[in-house]
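Colleague: Before anything else, here's the structure in question.
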Amino acid sequence: FSTPLEERTEAMRYSWFATAGELEKLNSYSDETGLGEVFWAPPEEPGAFWVTVADGRGGVDWVQWQ
């Protein structure tokens, strides 16, 4: 018994955060058409910027820049 594999691209949700500067929006999404992007106007003073990524199966990861 074998089941053929089905290749598909998952939709992802991106949540954006910043301690300074200005974010265009706080959430963006991607599907098979491309990446969830957002514009961030960086501040003159130092700060942190990070994003969390969640898939439809409950997986979550994040990355931070300073």
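Colleague: Scan the range 40-62 for residues that are open to solvent by less than 40 Å² (accessible area, probe 1.4 Å), aliphatic (A, V, I, L, M) and under 12 Å from the mean Cα position of the chain (by Cα) and jot them down.
Modeller: Answer for the range 40-62, where residues must be open to solvent by less than 40 Å² (accessible area, probe 1.4 Å), aliphatic (A, V, I, L, M) and under 12 Å from the mean Cα position of the chain (by Cα): 51, 53, 54.
Colleague: Follow-up question, since we're still on this one. Restricting to the range 9-29, and then to whatever is of a type in the set (D, E, K, R) and either more than 17 Å from residue 58 (Cβ to Cβ) or within 10 Å of the chain's Cα centre (by Cα) (or both), can you tell me which residue is surrounded by the most Cβ atoms within 10 Å (Cβ to Cβ)? Walk me through it before giving the result.
Modeller: Residues of the range 9-29 of a type in the set (D, E, K, R): 10, 13, 22, 24-25.
Filter again for either more than 17 Å from residue 58 (Cβ to Cβ) or within 10 Å of the chain's Cα centre (by Cα) (or both), leaving 13, 22, 24-25.
Values: 13: 15, 22: 10, 24: 11, 25: 11.
Step by step, filter the range 9-29, then rank; the result is 13.
The values are calculated or read from the model by the stated rules, or taken from the named source; none is laboratory data. None of these values were measured; they are calculated from a predicted model. Because the Cβ atoms are built from the backbone with ideal geometry, glycine has one as well, and the counts that use them run over all protein chains shown. Just the protein is used for accessible areas: all its heavy atoms, side chains included, with ligands, DNA and RNA removed. Shrake-Rupley method; radii C 1.70, N 1.55, O 1.52, S 1.80 Å.
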